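The structure appears below as structure tokens.
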Amino acid sequence: MSTFLDTLSKELQVLLMAMVPVVELRGAIPYGAVLGLAPWTAFICAVIGNCLPVPLIILLARPFIKYLKKTRILGWFAHWMERKTEKNRDKIMKRSALGLFLFVAIPLPGTGAWTGALCAALLDLRFRFALPSILAGVLAAGCIMTFGTEIVKWFVGLI
């Protein structure tokens, strides 16, 4: 019995995986390597997939958080997100575009395009300011992950 993923091309699997929060391209590029994709094919698919949700997140996150704050079940989560963003406001705003770029580019847990876009929305950063910083950060993170994946493949002899 085949699964849904078996019906999709390897490239589309990587693109879709990169769209998933938390996984993003940090998981999609190594997954592309496991599937046997060429490094730059995995890179391109992962970067495109990771960038697709960013404009929507920047534009829709603020109204969505405002709505969540009014709910009994998830209101606590919305307030927590705002507090956490406010706590990091100075770090990001101090370095402006470079701060947002670095936040997205450094492939650590809790950073990435989704979190960067959410921070940009919650900090009310202008779309024309936030989007290029986040997209550049995604490209840098993609380069780091592609290079890192290739080093690990070479190191463990999977070439």
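The values are calculated or read from the model by the stated rules, or taken from the named source; none is laboratory data. Because the structure is predicted, anything quoted here is derived from the model rather than measured. FYI the Cβ positions are ideal-geometry reconstructions off the backbone, even for glycines, and counts take in every protein chain you see. For accessibility, only protein heavy atoms count, side chains too; no ligands or nucleic acids. Shrake-Rupley method; radii C 1.70, N 1.55, O 1.52, S 1.80 Å.
Side notes on the structure shown:
- Lone qualifier among L25, L37 - being open to solvent by less than 30 Å² (accessible area, probe 1.4 Å) and not in a helix (DSSP H, G or I): L37
- Among the residues of the range 85-118, the ones that are under 27 Å from I29 (Cβ atoms) and open to solvent by 20 Å² or more (accessible area, probe 1.4 Å) come to 17 in all.
- If you go through the range 136-155 and keep only what is open to solvent by 40 Å² or more (accessible area, probe 1.4 Å) and either closer than 13 Å to L56 by Cα or among the β-branched types (V, I, T) (or both), you end up with I144, I151, V152.
- Listed by first and then second residue, the pairs with beta-carbon distance under 6 Å, at least 6 apart or on different chains, first residue in the range 128-145 and in contact (Cβ under 8 Å) with a residue 60 or more places away in the chain, second open to solvent by 10 Å² or more (accessible area, probe 1.4 Å) and in a helix (DSSP H, G or I), are A130/I58; L135/C51; V138/V47; V138/C51; G142/F43; G142/V47; M145/R26.
- Residue in the range 83-91 that is β-branched (V, I, T) and out of contact with any Leu (no Cβ under 6 Å at 6 or more places or on another chain) present: no
- Residue check for G142: at pLDDT 90 or above, under 20 Å from M19 (Cβ atoms) and in contact with a Gly (Cβ under 7 Å, 6 or more places away or on another chain): no
- A121 fulfils the conditions (1) farther than 28 Å from L8 by Cβ; (2) free of Cβ contacts under 8 Å to residues at least 60 places away in the same chain except for a single criterion, (2).
- Unmet requirement for A78, which otherwise passes all of (1) farther than 17 Å from T111 by Cα; (2) in a loop (DSSP other than H, G, I, E, B); (3) free of Cβ contacts under 8 Å to residues at least 24 places away in the same chain: (2)
A quick yes/no check of all residues on (1) touching a helix residue (DSSP H, G or I) at 6+ places or on another chain (Cβ under 6 Å); (2) outside any loop (DSSP other than H, G, I, E, B); (3) buried (at least 19 other Cβ atoms within 10 Å of the Cβ):
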{"site": "I44", "(1), (2), (3)": "no, yes, no"}
{"site": "L68", "(1), (2), (3)": "yes, yes, no"}
{"site": "R83", "(1), (2), (3)": "no, yes, no"}
{"site": "L125", "(1), (2), (3)": "no, no, yes"}
{"site": "R128", "(1), (2), (3)": "no, yes, no"}
